Every structure is written in C-alpha cells, then in structure tokens.
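Visitor: Below is a structure I'd like to ask you about.
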Amino acid sequence: MASSGIGVGLVGLGTIGTGVVRVFREHADEIEARLGFPLRLAHIADVDLETDRGVSLEGYRLSRDFKALVEDEAIDLVVELIGGTTIAAQVVTSALEAGKGVVTANKALLAHKGAEIYALAETHGAPVAFEASVGGTIPVLRALREGLCADRLFALRGIVNGTCNYILSSMESDGEPYEACLKRAQELGYAEADPTFDVDGTDSAHKLAILLGLAFGVHARPGDFYSRGIQLIAPADIRAARRMGLRIKLLASARRLDTGVEARVEPTLIPTGSVLAGVDGSMNAIEVRGKMSGPTLYYGAGAGSLPTASAVVADLMELARARRLGVALRVPPLGTHRLEPSGLLSSDQERGEYFVRLELGEEDRSRRVSVALAEHGVPLVSLESPPGEDLTLTTGETSRAALDSALALIGSAASASHVIRIEKEI
Ligand SMILES: NC(=O)c1ccc[n+]([C@@H]2O[C@H](COP(=O)([O-])OP(=O)(O)OC[C@H]3O[C@@H](n4cnc5c(N)ncnc54)[C@H](OP(=O)(O)O)[C@@H]3O)[C@@H](O)[C@H]2O)c1
C-alpha cells in the first residue's frame, strides 16, 4: 500500500479516463474529507500520450504499456477504461492476480467474461467494482447490491441506452425517420461514428446481463436472451403508438417467474402516462420491483465523460475504504454467495401482447391476415387497414412462436413485417 494514502492507476485516457482525471483534480479535497485519508491518482497508461486531452497530466507517472502500471508498487487500485474484451481483460486479470482492486466501466467485458473475473477476484481476495458499466452516473448497481439486499426482487425494466432513447424521442417529437434522427444524434455526440452496438441492442443486452446478476443472481451472457434494437422502427409505428396512447422505448427487462427468470431487450410499447415513457432524450432510467420494497426508480445521465467518471471515482472510494479496513471483498461482486440455479427461461416460452405492422398489397388483406392469425390461435384485438398505408394490428396475449408462425403464413405476401411487444402493466 502506498505510504500516504491509497494509490490509483488509470489505464485508458479517453472520454471517461480524462473525466476521471478531472474529478481527481477538481474534487481531491472532498474525496479526502469523505474518506479521511488521501486517494491519489498516481500513474496513467495510454497508448497515446501525445494527444492533448484537455486535462493536465502534470505530477502523474505516465506509461504506454499497462503492465508497467499494474507492476507499479505505488498502485493499489487499477482503473480499466480502454474498452473491448481482449486487452481490457488482460488489464483486469493481471491487476486482480497482483492482488490489486479493479474498477471498470466496461459492460462488454463484464457481460462476456464476468463469471471468470468474479471468480478470479474471489481467488485472489481482490475486489472488482463496476458501477459505471450500467446507467453511467446512476448508482443503480449499488442500490441492487446493497440498498435492496433484504428484499426479493421480481421485476426490472430499464431504458439503459441513451443513444436509442434520444433517437426514439426525436422520431416522436420531430416526426422524422430513423436515419435522420440517428444522424442528428451523431452530430450532437449522443451516438458514436459507428453506432451499431447501441442501435442494434447489443449495448443494452450487455447491461441487462450485468443487471440480471445483481437483481436475480443469474449468470447470463448476452446471447442467452432475446435481444433486438431500434433500426426497424418507422414513423408509421410512432404514429400508430400515439393513436393507441402508447410510446415506443427500447426496454431491457427481466422478471422472476416460478419457473425461472425471463429476460429480453426489445422495442416495447408502453403507456404514455407511465414513468418510463416520460424518460426523454439521452437520459436513462431503471425501475425495480421488490416484494417488500415495491417499485423504486433510478434516473439520470447514462453516459458522458463526467457523469460516468463520477461513478468510477465513487467505486474507487468504496474500494479504498475497504482496503484501508483490510476487508477486500466486503460484498461479493453480484451481492450474493448463491447464484440462481434455474437460470434463464428460453425466449421460445415467452408470451405477450403484440403490435404488428405489415407492408402488404391492398387486395383482401384484412381477411388474409385474420385467417392466418386464427389458424395459429393468435387472438386479434384490433386491425386497421387504411387505404394506401400499412396494415396494423394488435393481438391479445399469445406466444411469440404462434405469432411468428402466423406471420410466416402471410409471409410471401408481405414485403416486410414489424412486431413490437406491448407492455400495458408497467
Ligand atoms: N463513453 C461513455 O459515455 C461511456 C459510458 C459508460 C461506460 N463506458 C465504458 O467506458 C470504457 C471507456 O470508454 P471511453 O468512451 O472512454 O473510450 P475511449 O474514448 O475510446 O477511450 C479509450 C482509451 O483507451 C486507450 N487505449 C486503447 N488501447 C489501449 C491500451 N492497450 N493501453 C492503454 N490505453 C489504451 C485509447 O487510446 P487510442 O484512442 O489512442 O486508441 C483511448 O484513449 C468502455 O468500456 C465503455 O464501454 C463509456
């Protein structure tokens, strides 16, 4: 341990890394006052040490290779902020093997390799903290791990990708198509130059995998549950949603049933008056329901340099306190010593109500659709077939498999079909 306080090493001086430097530079006094001892950023590693990042690096030891940082005896805690799942995994693994605590914001790494990382943390008695990996600045993981730890949670729903929420919100408010809203999101810095992982649901699935561990004690990887993004949402869907008094949100959701836990990421129609429907722009929100606690809601900035960095430094403070007290693993990473044995339910078993939009030739289309649905036992609740526009319908509760079979029957006649889940009880 560094003689005067706890030493921190930062690997990755990008968007979040520079935010961490700023938090340390601007809040050192508050951090020391709250801890009662100094927490010092001492060493920074990045492959590019030349580019001006807009923060002073004076006083820090600088390295291009993360190994020099992990081996530095002045470093007690290592922050991994480079992203990806290869070198980032090496940073985390080597730090834990050296008995150093790790803080990361890397949801992709945890979603894919979390089980191995948590096991390694236990083996080496070194903690790993990852509050910033879900919901940026929102302390929802801490709430699940500690605040709600006496309860039995049964449902969780969240808007956990600000890029998608911004695009859907602006499609609604401006009436513009998906592509135009994505372009504006990129111009405003809400979407990456390559937005694929955000808009196709991958990022939300990474976050849901982490939430499933903390809320339900399930080790899930993103491929274990159904996941879909927002690329197929069209202005016609937004208009239909408005007519039904609903809004479309990309929801990451999970609930505990008697038979196991079901989870999914998909665009979902929810009542306009619900709390989650009111979450606009790039903001995130996660609603949790517990048997004893009832509903609780966590809302805030889900990304961005300083909000995310503030969560990273809060994790560092928690790990520094524990290290000072000599209790490395005060709480297990997923908040439990016993994982859910039944795991996740297969998405084939899922049931729900659905909205469907079909691009279908005009002739006799209402009858053809009604017959196909009836043949597969899918209850039809409403059907609209305005001339010159797509046909839209809503179903009663049905299995997704039956709906897919009915749509396949109509299939050759429909040039495209789009299905959105409806969640009225939210
Ligand atoms: N951005 C957000 O709002 C946000 C929010 C929540 C969580 N996160 C997570 O936080 C992590 C960091 O995101 P970010 O947006 O800060 O990424 P970023 O801006 O791309 O920063 C990554 C930094 O790591 C450096 N790097 C790459 N390989 C390295 C290596 N082998 N050794 C040392 N440095 C290396 C990069 O240098 P070069 O640029 O020269 O390659 C870059 O400076 C990711 O896991 C991300 O998912 C981000």
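The values are calculated or read from the model by the stated rules, or taken from the named source; none is laboratory data. Keep in mind that what you see is a predicted model, and the values were worked out from it rather than measured. Note that each Cβ is placed from the backbone with ideal geometry, even for glycine, and that neighbours are counted across all protein chains shown.
Residues are listed down the side, and each one gets a yes or a no for (1) buried (at least 16 other Cβ atoms within 10 Å of the Cβ); (2) under 35 Å from the mean Cα position of the chain (by Cα); (3) free of Cβ contacts under 8 Å to residues at least 60 places away in the same chain; (4) under 30 Å from Ala95 (Cβ atoms):
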residue: Ala328; (1), (2), (3), (4): yes, yes, no, yes
residue: Leu334; (1), (2), (3), (4): yes, yes, no, yes
residue: Glu359; (1), (2), (3), (4): no, yes, yes, no
residue: Glu375; (1), (2), (3), (4): no, no, yes, no
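Visitor: While we're looking at this one, here's another question. Please enumerate the residues belonging to the range 6-53 that are of a type in the set (A, V, I, L, M, F, W, C) and more than 16 Å from Leu319 (Cβ to Cβ).
Guide: So in the range 6-53, the residues of a type in the set (A, V, I, L, M, F, W, C) come out as 6, 8, 10-11, 13, 16, 20-21, 23-24, 28, 31, 33, 35, 37, 39, 41-42, 44-45, 47, 49.
If the condition is that a residue be of a type in the set (A, V, I, L, M, F, W, C) and more than 16 Å from Leu319 (Cβ to Cβ), then Leu13, Ile16, Val21, Ala28, Ala33, Ile44, Ala45, Val47, Leu49 are the ones that fit.
Visitor: Kindly indicate whether Ala285 is in contact (Cβ under 8 Å) with a residue 12 or more places away in the chain and either among the acidic types (Asp, Glu) or in contact with a Lys or Arg (Cβ under 8 Å, 6 or more places away or on another chain) (or both).
Guide: On the way: in contact (Cβ under 8 Å) with a residue 12 or more places away in the chain: yes; either among the acidic types (Asp, Glu) or in contact with a Lys or Arg (Cβ under 8 Å, 6 or more places away or on another chain) (or both): no.
Considered against the rule, which asks whether it is in contact (Cβ under 8 Å) with a residue 12 or more places away in the chain and either among the acidic types (Asp, Glu) or in contact with a Lys or Arg (Cβ under 8 Å, 6 or more places away or on another chain) (or both), Ala285 comes out as no.
Visitor: Being within 22 Å of Leu110 (Cα to Cα) and touching a residue at least 40 places away in the same chain (Cβ under 8 Å) is the filter here, so list the residues in the range 336-357 that pass it.
Guide: Thr336, Arg338, Leu339, Glu340, Ser342, Gly343, Leu344, Leu345
Visitor: Further question on the same structure: Confirm whether Asp48 is away from the ligand (no atom under 11 Å from the Cβ), acidic (Asp, Glu) and part of a loop (DSSP other than H, G, I, E, B).
Guide: Values: away from the ligand (no atom under 11 Å from the Cβ): no; acidic (Asp, Glu): yes; part of a loop (DSSP other than H, G, I, E, B): yes.
It is false that Asp48 is away from the ligand (no atom under 11 Å from the Cβ), acidic (Asp, Glu) and part of a loop (DSSP other than H, G, I, E, B).
Visitor: May I ask you to verify whether Val11 is within 13 Å of the ligand (Cβ to nearest atom), aliphatic (A, V, I, L, M) and crowded, with 23+ Cβ neighbours inside 10 Å? Spell out the reasoning first.
Guide: Values: within 13 Å of the ligand (Cβ to nearest atom): yes; aliphatic (A, V, I, L, M): yes; crowded, with 23+ Cβ neighbours inside 10 Å: yes.
Criteria met by Val11.
Visitor: Kindly provide the set of residues from the range 160-185 that are over 22 Å from the mean Cα position of the chain (by Cα), closer than 14 Å to Ile230 by Cα and outside any loop (DSSP other than H, G, I, E, B), ordered by number.
Guide: Glu172, Glu179, Ala180
Visitor: Tell me, yes or no, whether the range 286-306 has at least one residue that is crowded, with 19+ Cβ neighbours inside 10 Å and aromatic (Phe, Trp, Tyr).
Guide: Yes: the range 286-306 contains one or more residues that are crowded, with 19+ Cβ neighbours inside 10 Å and aromatic (Phe, Trp, Tyr).
Visitor: Oh, and also: Could you say whether any residue in the range 24-31 is under 24 Å from Ser133 (Cβ atoms), within 15 Å of the ligand (Cβ to nearest atom), of a type outside the set (A, V, I, L, M) and not in a loop (DSSP other than H, G, I, E, B)?
Guide: Within the range 24-31, none of the residues are under 24 Å from Ser133 (Cβ atoms), within 15 Å of the ligand (Cβ to nearest atom), of a type outside the set (A, V, I, L, M) and not in a loop (DSSP other than H, G, I, E, B).
Visitor: Please verify whether Gly19 is crowded, with 17+ Cβ neighbours inside 10 Å, in contact (Cβ under 8 Å) with a residue 12 or more places away in the chain, within 11 Å of the ligand (Cβ to nearest atom) and not in a loop (DSSP other than H, G, I, E, B), treating the condition exactly as stated.
Guide: Yes; evaluated as a whole, the condition is true for this residue.
Visitor: Kindly establish whether Tyr166 is outside the structural domain of Leu77 (by TED's automatic domain parsing) and within 15 Å of the ligand (Cβ to nearest atom).
Guide: On the way: outside the structural domain of Leu77 (by TED's automatic domain parsing): yes; within 15 Å of the ligand (Cβ to nearest atom): yes.
It is true that Tyr166 is outside the structural domain of Leu77 (by TED's automatic domain parsing) and within 15 Å of the ligand (Cβ to nearest atom).
Visitor: Looking at the range 361-386, which of its residues are outside any loop (DSSP other than H, G, I, E, B) and farther than 25 Å from Tyr226 by Cβ?
Guide: Listed by number, the residues that qualify are Arg365, Ser366, Arg367, Arg368, Ser370, Val371, Ala374, Leu383, Glu384.
Visitor: A follow-up question, please. Of all residues in the range 24-45, count the ones that are in contact (Cβ under 8 Å) with a residue 40 or more places away in the chain and hydrophobic (A, V, I, L, M, F, W, C). Give the derivation first.
Guide: The first filter runs over the range 24-45 and keeps only residues in contact (Cβ under 8 Å) with a residue 40 or more places away in the chain, leaving 24, 27, 31, 34-35, 37, 39, 42.
Those still in the list that are hydrophobic (A, V, I, L, M, F, W, C) too: 24, 31, 35, 37, 39, 42.
Adding up the residues that qualify gives 6.
Visitor: Go through the range 182-201 and count every residue that is of a type outside the set (Asp, Glu) and surrounded by 19 or more Cβ atoms within 10 Å (Cβ to Cβ). Before you say what the answer is, go through the steps one by one.
Guide: Initial filter on the range 182-201 (of a type outside the set (Asp, Glu)): 182-186, 188-191, 193, 195-197, 199, 201.
If we keep only those that are surrounded by 19 or more Cβ atoms within 10 Å (Cβ to Cβ) too, we end up with 182, 185, 190-191, 195, 199, 201.
Count: 7.
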